[in-house]
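Read-outs throughout are calculated quantities, based only on the coordinates presented, and are distinct from any laboratory measurement. Owing to the predicted nature of the structure, the values given are computational and were not obtained by experimental measurement. In this analysis, Cβ positions are derived from the backbone assuming ideal geometry, glycine residues included, and neighbour counts consider all displayed protein chains.
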Amino acid sequence: MSLRDQIAAELNGSSYPLRLTKDLRERAKAGGILIVYGASDDLMEFDGAFSEELGAWEGREALIDKQGVLDRDQIDDDDDDAIHSFVERKRGAKCIEALWDRGGYSWVYETDIPHTTFDVLDDADTYCRAIVIDLADL
């Protein structure tokens, strides 16, 4: 079983809000494993290989690469080097779409990146169908 699958299996059935243990976070980071999940009604969380939080009110698309999340809103329009770097990274980036209120879940994620899913529960109800990605697959 791959590390990606092991981590997804360990997290499956976790309670909302999802809290990663220090050990799991360190194993994910060391192994290049990224965990993507929802928080509240407006956040897309990335943890493990890198940590990031994006606003995702009613859903959004996020671009990622091995270095992290590409967020054009974080780049100063007057910083030519940062804009050039963003454009270069975007060429190889992959998309993850956060979808709000789908199929009995508050959050689900769709992507062409190979991934393993796991469920986060809010009491007995499904809250989030989260995903685990191996950055080697990007």
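Which residue fluctuates most in the GNM of the chain (Cα springs below 10 Å): Y105, Y37, Y127? Checking each option, the largest mean-square fluctuation is seen for Y105.
Dipole orientation for segment 3-137: of the candidates M44, A136, S85, A136 has the Cα lying most toward the positive pole (charges on Cβ; Lys, Arg +1; Asp, Glu -1). Once both labels are positioned 7 Å from their Cα atoms along Cα-to-Cβ, the gap between K90 and N12 label points is 3.8 nm. Identify which of I113, I33, I83 has the largest mean-square fluctuation in a Gaussian network model of the chain, with springs joining Cα atoms closer than 10 Å. Maximum fluctuation in the GNM of the chain, among the listed residues, is at I83. Pairs of Lys residues in segment 3-137 that lie 8 or more places apart, or on two chains, and have C-alpha atoms under 21 angstrom apart add up to 4.
Tally Lys and Arg at +1 and Asp and Glu at -1 over the other residues with C-beta under 12 Å from the C-beta of R19: what net charge comes out? In short, 0.
Quick one: net charge around A39, please, counting Lys, Arg +1 and Asp, Glu -1 for every other residue with C-beta under 10 Å from its C-beta.
With Lys, Arg at +1 and Asp, Glu at -1, the neighbours total -4.
Per residue of the chain, the DSSP helices (runs of n ≥ 4 H) give a summed -39500 (n - 2.57) that works out to -7000 deg cm²/dmol at 222 nm.
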